[in-house]
Each structure stands twice: as C-alpha cells, then as structure tokens.
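*Asks:* So that we are looking at the same thing, I have put the structure below in structure tokens.
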Amino acid sequence: MKILAIETSCDETAISIIKGKKTLKGDDFTILSSHISSQVKIHAPFGGVVPNLAKREHIKNLPILLKKILKEIPPPLGSRAPKLDAIAVTSGPGLEPALWTGINFAQKLAEEYKLPLIPVNHLEGHIYSAFMHEDKFIIPKNIFPLLTLIVSGGHTELVLVKKHLSYKILGETLDDAAGEAFDKVARMLGLPYPGGPEISKIAKKGNPSAINFPRPIINSKDLNFSFSGLKTAVLYYLRDNPKFSKANVAASFEQAVVDVLVSKTLKAVAEFKPKTIALGGGVAANDRLRKELLKKIPGILLPEKQFTGDNASMIAVAAYFKAKAKKISNPSASWRTINAQGGLKL
Ligand code: KG4
Ligand code: ZN
C-alpha cells in the first residue's frame, strides 16, 4: 500500500510517500520520499508560532513540496497521478488555520487522483515515530501493550496502546506541556524560539544540581504532569538572583523536567507492565531526557532525531494502520468529511 501524507499542524510543512506491507513479523515500511520545510526563521522574531503566518507559509510551501515529491516518484507514463492507494492528512490537534491548509490541499489531491482521504491524529504519528528509520523499518506485530511518553510543544501524555489505533491516556499535563515550558523558560532567559533546543544546548555547560527547582506533582498517585509551577519558580529565581548563570538555570530547569518525566514513566511501567516502552514528540530530541530514560529503562525505544520533530512520514505510517483497519473514507465523499480539530484527542 502506498500512501502520500501531508502534515501542517504547526510550523513545519511536510509531505511524504511511504510504502507499507504486511509480513509475517509485522508491517514493513519504506519511506520513498520525504520533504520538510521549516518555518522556524519566519516565526522566530515573534518568539512563537503566529497562526496566520503559519497558514500563509503552508499555502506557499505545499505545492513546492508536492512538485519535489512528484519529481522523485513520477506518475506512470500516460498518467498525471502517481501510483498511490490513499492520501493522508493531519486533522488535529494543532493550530486550526494551519491544519485547514493541509486538509484543503489533501482534499484537492484526493479528488484529482480519485483516492480515499485518511484523517490522522498528529499524536498517533508521534507514537509510531519511535519505530522509524531512515529508509526501511519494521513495526513488529508483538509490541503490545505499548506505553508511549509523548512530549511535544502542545502535549505531555503517557499513552497505553493496547493494539493499533486503540489508545488509553494514562496521564497528561494539567497545565503547560513539557515543550511549552522549555519554550517559555527559554524566553525568560532571552533565548530565541524555539526554546527547547536552545535550553538543551546551554544546559550542557551548566550544573544540573546548582538550583533546586520544584518537581511539580512528582509524588502524586496519578500519572499526570504539571509544569506551570516550575516555570513560575524559574521566573522568581531570575527576579531574585539578577546575577544568575544562564547555563545553571537551563541545566537545573531541564533536570527538574526530566526527573518528573522519568519518574512518572517508571510509575506507569510498574503499574501497567507494558511489553514495549517508547518516547515520541519534539522534546524527545532532548539528550538529558534520552540518557536518563535509557539509564532507568534500558529497552526503551527512542525516536531517531530526524523523526522527533513534526514530519509527514509518521502521519503516513499511522494512516497505513487506519487504512488496514478500513478506517478510510469513500473516495467520492472524502473531500466533504474532514474538519480541522485543534483540540483533537487520541
Ligand atoms: O512535536 P513538535 O515538533 O511539535 C508539536 O507537535 O508541538 O514539538 C515541538 C517542541 C517545542 O516546544 C520545542 O521547544 C521542543 O519540542 N523541543 C525540545 C528540544 N527540541 C525540540 N525541547 C527540549 N529539548 C530539545 N532538544
Ligand atoms: Zn508534533
């Protein structure tokens, strides 16, 4: 099965074509072509993603990326459409003006190519990203129950996947997401957007035990998270210590976030005894988080850094499993039936 997927939920425009097939061991994938166009430089002067700018850039970039992909995977002779089985698109969660650009583009393609359209939850993509490799990879069939810690700019969730497409949210953030906390603290330190990579870069030069920041609700019985109190603690620390060391603040803040994430993941492992444990989302690029999770949970699957951020290949993989389960629209009705859902849940 060949799927072309489109991702425009935030500030990356991405298109990918993957091929998937069922084998004895599981499902076998090949990424045939994948392109991402990042808008980071455009949003950086505003210190965050500006939804209408994101929309404008997606509208500009989608046809450019499609052209590149069609050059690499040309349609068969005599045809205008590449040989595909479905079009997939992220329908949420994310910024609605941005999501709509991808959905509208996907709807037109599906109509033109006479293909079904598969709406995908962005977080389903992040869950599959831990299994992906550069060109070819297998998602084994015996991975369940799978526990995934999703840490992105908008989400912090512990999800139990009982089988493909069957999710139970075990815990989630009560306020800020982990990535959001990184971005906000970076802004307090005068670092550019996106703040996560900047904090982790300067944290490498700091002492993670220099400042004892709070680890909010680390000992609560549930599997929820909270990062807004930690963010406020950093704000007060900066106000009360004008000669602070940026590197020490960054390292100590990062350590506090990592301690909470690792502790709650261990708690979920003890409670639910999953067969496979994985990490996903933009914050999965954080080296301290990766190192400490690996130390405490040696078998944990960490996404390759090229797949931690938003990309369309992970959306295509999730769409493949939806197509296999026949969660697929009727080609003639497909362009009518999808709405952007900014707050879509798993
Ligand atoms: O998954 P993603 O690319 O977009 C969303 O779906 O939200 O995640 C973006 C988030 C941003 O908050 C960014 O600061 C954070 O991931 N991030 C990091 C690192 N790289 C990206 N946070 C901490 N350390 C990093 N190395
Ligand atoms: Zn994401």
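*Asks:* So for region 119-141 (the condition being out of contact with any strand residue (DSSP E or B) (no Cβ under 9 Å at 6 or more places or on another chain), more than 16 Å from ligand 1 (Cβ to nearest atom) and under 28 Å from Trp100 (Cα atoms)), does at least one residue qualify?
*Replies:* no
*Asks:* Does Ile218 satisfy the condition of being modelled with pLDDT of 95 or more and more than 30 Å from Phe321 (Cβ to Cβ)? Step through it out loud before you land on a result.
*Replies:* Numbers: modelled with pLDDT of 95 or more: yes; more than 30 Å from Phe321 (Cβ to Cβ): yes.
Taking the combined requirement at face value, the residue satisfies it.
*Asks:* Filtering region 192-206 down to residues that are outside any helix (DSSP H, G or I) and within 16 Å of ligand 2 (Cβ to nearest atom), which residue is surrounded by the most Cβ atoms within 10 Å (Cβ to Cβ)? Spell out how you get there, then give the answer.
*Replies:* Step one: of region 192-206, the residues outside any helix (DSSP H, G or I) are 192-194, 204-206.
Going one step further and asking which of them are within 16 Å of ligand 2 (Cβ to nearest atom), we end up with 193-194.
Numbers: Tyr193: 18, Pro194: 23.
Here the answer is Pro194.
*Asks:* Just to check your reading of the model, which residue among Asn219, Asn212, Asn248 is touching a Pro at 6+ places or on another chain (Cβ under 9 Å) and either open to solvent by 40 Å² or more (accessible area, probe 1.4 Å) or part of a helix (DSSP H, G or I) (or both)? Quick ask: steps written out before the conclusion?
*Replies:* On the way: Asn219 fails: touching a Pro at 6+ places or on another chain (Cβ under 9 Å); Asn212 fails: touching a Pro at 6+ places or on another chain (Cβ under 9 Å).
None of the others qualify; the one that does is Asn248.
*Asks:* Look through region 66-80, keep the residues that are closer than 20 Å to Asn104 by Cβ and among the basic types (Lys, Arg), and return whichever of them is surrounded by the most Cβ atoms within 10 Å (Cβ to Cβ). Explain how you work it out, then say what you get.
*Replies:* So in region 66-80, the residues closer than 20 Å to Asn104 by Cβ come out as 66-70, 80.
Subset that is among the basic types (Lys, Arg): 67-68, 80.
Values: Lys67: 11, Lys68: 14, Arg80: 9.
By that ranking, first place goes to Lys68.
*Asks:* Can you name the residue in region 179-191 that is within 7 Å of ligand 1 (Cβ to nearest atom) and open to solvent by less than 10 Å² (accessible area, probe 1.4 Å) and is also farthest from the chain's Cα centre (by Cα) among such residues? Reasoning before the result, please.
*Replies:* Here is the first cut: in region 179-191, the ones within 7 Å of ligand 1 (Cβ to nearest atom) are 179-180, 182-183.
From what's left, open to solvent by less than 10 Å² (accessible area, probe 1.4 Å): 179, 182.
Working: Gly179: 11, Phe182: 15 Å.
My answer is Phe182.
*Asks:* Additional query: Of everything in region 118-138, what is hydrophobic (A, V, I, L, M, F, W, C), over 12 Å from the mean Cα position of the chain (by Cα) and closer than 21 Å to Leu294 by Cβ? Give them in sequence order. Steps first, answer last, please.
*Replies:* First pass over region 118-138, keeping only residues hydrophobic (A, V, I, L, M, F, W, C): 118, 120, 123, 127, 130-132, 137-138.
Adding the requirement that they be over 12 Å from the mean Cα position of the chain (by Cα) leaves 118, 120, 131-132, 137-138.
Residues satisfying the conditions are Phe131, Met132, Phe137.
*Asks:* Right, next: Identify the single condition in (1) closer than 15 Å to Val151 by Cα; (2) within 16 Å of ligand 2 (Cβ to nearest atom) that Val260 does not satisfy, given that it satisfies every other one.
*Replies:* Going through (1) closer than 15 Å to Val151 by Cα; (2) within 16 Å of ligand 2 (Cβ to nearest atom) one by one, Val260 breaks only (2).
*Asks:* A further question on this structure: So which residues in region 49-96 are within 16 Å of ligand 2 (Cβ to nearest atom) and of a type in the set (Ser, Thr, Tyr)?
*Replies:* First, the residues of region 49-96 that are within 16 Å of ligand 2 (Cβ to nearest atom): 49, 51, 54, 58, 88-96.
Answer for region 49-96, where residues must be within 16 Å of ligand 2 (Cβ to nearest atom) and of a type in the set (Ser, Thr, Tyr): Thr90, Ser91.
*Asks:* In region 255-295, what count of residues is obtained for those that are touching a residue at least 60 places away in the same chain (Cβ under 8 Å), near ligand 1 (Cβ under 10 Å from one of its atoms) and assigned to a helix (DSSP H, G or I)?
*Replies:* Final tally of qualifying residues: 8.
*Asks:* Then there is this: Given the criterion among the β-branched types (Val, Ile, Thr), open to solvent by less than 40 Å² (accessible area, probe 1.4 Å) and outside the structural domain of Leu32 (by TED's automatic domain parsing), identify the matching residue among Val89, Val120, Val151.
*Replies:* Values: Val89 fails: outside the structural domain of Leu32 (by TED's automatic domain parsing); Val120 fails: outside the structural domain of Leu32 (by TED's automatic domain parsing).
Only one candidate passes the filter, namely Val151.
*Asks:* A follow-up question, please. Any residue in region 85-96 that's within 18 Å of Lys108 (Cβ to Cβ) and among the small types (Gly, Ala, Ser): show its pairings with residues that are in a strand (DSSP E or B) and away from ligand 2 (no atom under 15 Å from the Cβ) at Cβ separation under 6 Å, as long as the two are six or more apart or on different chains.
*Replies:* From residues that are within 18 Å of Lys108 (Cβ to Cβ) and among the small types (Gly, Ala, Ser), the pairs are Ala86/Ile3; Ala86/Ile118; Ala88/Ile3; Ala88/Ile118; Ser91/Pro119.
The values are calculated or read from the model by the stated rules, or taken from the named source; none is laboratory data. What you are looking at is a predicted structure, and each value in this text was computed from that prediction instead of being measured. No Cβ is skipped: glycine too gets one built from the backbone with ideal geometry, and neighbour counts run over all protein chains shown. For accessibility, only protein heavy atoms count, side chains too; no ligands or nucleic acids. Shrake-Rupley method; radii C 1.70, N 1.55, O 1.52, S 1.80 Å.
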